[in-house]
Amino acid sequence: MEQVLSIVVRNQPGVLMRVAGMFSRRGFNIDSLAVGITENPEFSRMTVAMEADEPTIEQVCKQLAKLVEVEAVKVLPPKASAKRSMALIKVQTNTKRLEILKVADVFRAHAIDVGEKSLTFLITGDLSKLQAFAKVMEPYGILELVQTGIVALERGQEHLSVQSSRYQWPLGSNKKNVL
């Protein structure tokens with residue numbers, strides 16, 4: 001079953017490598033990974049999606065908690081989480097530009113670049129919506145496609161927020177670095 005982990009980490013160089021390395025060393029496969037700075041620039045949030053059963057996800061959480069840069073880990077409840085991905089899709093237009101734009105409108109995809117012989121669309125939503133849009137665009141000729149990993153938050157009042165580190169860090173280590 002798909003599990004989505006929300007992981008708050010210190011925003012410093014090498015953290016992404018250490019977290020990804022833990023998954024690799026233990027033989028866990030990451031299906032999707034997205035990282036970004038949180039409301040507190042000292043910390044970043046990683047959203048990791050993976051196929052795992054309950055014992056495996058418990059083991060992953062225990063292993064993550066051992067990493068000194070990891071401040072908090074939460075398994076997001078599948079039915080009580082808002083999840084989204086984003087894709088950019090460049091489509092060949094030729095003579096069917098209006099037809100393509102109408103189809104894109106049905107999916108609420110936005111044209112973000114209009115070229116002489118191509119259109120580039122931005123689409124957000126769950127994975128099935130992105131895949132459905134790509135499938136509908138295939139007959140027109142997809143020139144390029146790139147997709148982000150899932151970002152997710154738990155619905156309602158529950159939240160995962162870290163205001164300060166659980167460790168004392170040496171002075172000068174609070175520099176605002178990007179992962």
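Every read-out reported here was derived from the displayed coordinates using simple, explicitly stated rules and does not represent laboratory data. Note that this is a predicted model, so its numbers are computed, not measured. Counting neighbours? That spans all protein chains shown, and the Cβs are built from the backbone with ideal geometry, glycine included.
Simple spin-label model, 7 Å along Cα-to-Cβ: Arg108 to Ile37 in nm?
My value for the distance between the label points is 2.8 nm.
With the Cα gyration tensor of region 2-81 giving a ≥ b ≥ c as the square roots of its eigenvalues, does the rule (a/c under 1.5 for rounded; else a/b larger than b/c for prolate; else oblate) give rounded, prolate or oblate?
It comes out oblate by the Cα gyration axes.
What are the residues whose amide H is under 5 Å from the amide H of Glu71, where those residues sit 5 or more places off or on another chain and H is modelled from the backbone?
Under 5 Å from the amide H of Glu71: Val8, Val9, Arg10.
Using the alpha-carbon atoms, what tilt in degrees (0 to 90, nearest 10) does helix 127-137 show relative to the longest principal axis of the chain?
Between helix and principal axis, roughly 20 degrees.
Mind listing the long-range amide H neighbours of Thr93? Cut-off is under 5 Å, sequence gap 5 or more, other chains count too, H placed in the peptide plane at 1.01 Å from N.
Ser118, Leu119
Roughly speaking, what is the centre-to-centre gap between region 136-153 and region 7-34 when only Cα atoms are used, to the nearest Å?
24
For Ser81, list long-range residues whose amide hydrogen, built 1.01 Å from N in the peptide plane, is under 5 Å from its own amide hydrogen.
Close amide H contacts, sequence-distant or interchain: Arg155.
Given Cβ point charges of +1 (Lys, Arg) and -1 (Asp, Glu) and nothing else, what value in debye, to the nearest 20, does the dipole of region 2-81 about its Cα centre take?
For this selection, approximately 240 debye.
Distance check, please: which entries in Lys74/Lys135; Lys74/Lys102; Lys79/Lys135; Lys62/Lys90; Lys74/Lys129 exceed 30 angstrom between their Cα atoms?
Beyond 30 Å: Lys74/Lys135; Lys74/Lys102; Lys62/Lys90.
Among Phe133, Val106, Ile7, flag the residue with its Cα farthest along the positive direction of the charge dipole of the chain, charges on Cβ as +1 for Lys/Arg and -1 for Asp/Glu.
Final value for the positive-end residue is Ile7.
Once the convex hull of the alpha carbons of region 91-140 is built, what does its volume come to per residue, in cubic angstrom?
Working: hull volume 2.9 nm³, N = 50.
In region 91-140, the Cα convex hull volume per residue is 59 Å³.
In the chain, how does Rg compare with the Kirkwood Rh, expressed as the Rg/Rh ratio over alpha carbon atoms?
That ratio is 1.06, to two decimals.
Report, ordered by chain and residue number, the aspartates and glutamates lying within cross-link reach of Lys66, taken as a straight Cα distance under 15 Å and ignoring same-chain residues fewer than 8 apart.
Glu58
Sorted from fewest to most neighbouring beta carbons within 10 Å, what does the list Met17, Met22 look like?
Met17, Met22
Helix 15-25 versus the longest principal axis of the chain: what is the Cα-based angle in degrees, 0 to 90, to the nearest 10?
So the helix axis and the longest Cα principal axis differ by about 90 degrees.
With everything on Cα atoms, drop me the angle between helix 97-106 and the longest principal axis of the chain, reported from 0 to 90° to the nearest 10.
For helix 97-106, the angle is close to 40 degrees.
For region 39-51, what does the Karplus curve 6.51 cos²θ - 1.76 cosθ + 1.60, with θ = phi - 60°, yield as ³J(HN,Hα) per residue in whole Hz, taken in order and with x for Gly and Pro?
4, 10, x, 6, 10, 10, 10, 9, 10, 10, 10, 8, 8
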